[in-house]
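The values are calculated or read from the model by the stated rules, or taken from the named source; none is laboratory data. In this text, all values refer to a predicted model and were calculated from it rather than measured experimentally. In this analysis, Cβ positions are derived from the backbone assuming ideal geometry, glycine residues included, and neighbour counts consider all displayed protein chains.
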Amino acid sequence: MSLATDSTSNQEPQPEKVKVHVGAGVKIPLLIISLVALFGALDYAQSLILPIVLAFIMSLTLTPINLWLQKRIYPGISAFLLVAAVTGVLAIGALTLSQPIGAWIDNAPSIGMKLRMRLAELREPVEAVTRASKEVEDIASATSDPEVREVVLRQPGLMNRAATNIGSIASTLVVAIALSYFLLATNRLIYEKIVQAAPKLSDKKRSLTIVNNIVTVVSKYLLTITVINACFGLTIGLIMWLLGMPSPVLWGLAGFLLNYLPFVGSLTGTASGALVGLLTYNQPEWAIAPALAYFTLTTIEGNFITPSILGHRLELNPVAILISIALWGFIWGVAGIIIAVPLLIIIKVMCDNIPALAAFGEFLSGATAAEQANEEPIA
């Protein structure tokens, strides 16, 4: 026998590779578990992740201005100037709003009492039920053991909660502003790292194209919508001042922030205008004027001004907007509500530029196929 035959006969049989196919019945539960774990991690690590997300959104918003400045001055100086401008605006806003917000907190008991007086007629049925339940409690307490003492746990006061929230907001903003500076100053380095991570030249070109499209579209959208919201806030503040409403500066800031939330922001501002108008004016026709003015301005802005400037290319599905607001509000509270729509825009643009996520991007879109086809791409 030959050596070749012996060596062949002595070789152990190679195990066959078994391909495991994961069906849809297994993929869906795994996907649900992964999403629950992800959202739980986002909630648990809020103090770490929220400043990063805010810095990312802030840097994207300032990217068009930053690129224009970098053509004329050193990148580090342009980033410093932009961050200093944002910090100055936030500081001026905080100092300006500290007095009216403090006055609202101090006058909260009297405001509540006045509101109860104005809504007395609407509250009569509820008060009847409350009085009946109170009588039942009194009867039950009278027949209970006199040796048993009731223990009442008092929650922290409004001022303590406000101080805690202010400290948390300040620390989050400081970290976000510092991180946004480095993102703006090293944007070219980030592009280079993304290109170097791709193995092939074709992959490098494709990655750079996708990143450029995402950054260009998102940054111009966020910057444009921020300017529109700032003008809207100024208009709201001016209208409320002309109507004699208290704290018009606070109304302007509220209008600026609420206008980031389609539908929900308009309803919230209109309801707030009706509530404060009811407390401010005695005549019913004047009491409804702030709510009517707010609703009119949001209708004009949402249906005519913003679509004429941005077009229909980045319109969002109303269902997706409400889900995003509810989700991020549940995870991160007020900050999550404010950044819900900008995050949704970022996700949609990424889906539009990544073929594997095109179906999800189509679900997020609120424009019809004909409107999207007729829209010019944002350059």
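Some points to look at:
- Residue pairs whose Cβ atoms lie under 7 Å apart, sitting 6 or more positions apart in sequence or on different chains, and linking a residue in the stretch 222-245 that is of a type outside the set (V, I, T) to a partner that is buried (at least 21 other Cβ atoms within 10 Å of the Cβ) and not in a helix (DSSP H, G or I), are N229/N259; F232/N259.
- Scanning the stretch 330-344 for residues that are of a type in the set (A, V, I, L, M, F, W, C) and under 21 Å from L62 (Cβ atoms), we see that the one that is farthest from the chain's Cα centre (by Cα) is L344.
- Search result, residues across the stretch 282-300 that are among the β-branched types (V, I, T) and either touching a strand residue (DSSP E or B) at 6+ places or on another chain (Cβ under 6 Å) or surrounded by 15 or more Cβ atoms within 10 Å (Cβ to Cβ) (or both): I288, T298
- Checked against the criterion of being within 25 Å of L183 (Cβ to Cβ) and in contact with a Gly (Cβ under 7 Å, 6 or more places away or on another chain), the candidates F232, F256 yield just one match: F256.
- Residue in the stretch 233-249 that is within 24 Å of A340 (Cβ to Cβ) and under 15 Å from the mean Cα position of the chain (by Cα) present: no
- If you go through the stretch 152-189 and pick out every residue that is over 17 Å from A91 (Cα atoms), exposed (fewer than 14 other Cβ atoms within 10 Å of the Cβ) and modelled with pLDDT of 75 or more, you end up with 2.
- The residue of the stretch 282-319 that is modelled with the highest pLDDT, among those that are more than 22 Å from G255 (Cα to Cα) and assigned to a helix (DSSP H, G or I), is V319.
- Checklist (1) aliphatic (A, V, I, L, M); (2) within 25 Å of the chain's Cα centre (by Cα); (3) part of a helix (DSSP H, G or I) applied to L279, failing item: (2)
- On inspection, S324 fails the criterion of being modelled with pLDDT under 85, part of a helix (DSSP H, G or I), within 24 Å of T270 (Cβ to Cβ) and among the polar types (S, T, N, Q).
- Flag if K71 is of a type in the set (K, R), exposed (fewer than 11 other Cβ atoms within 10 Å of the Cβ) and at pLDDT below 85: no
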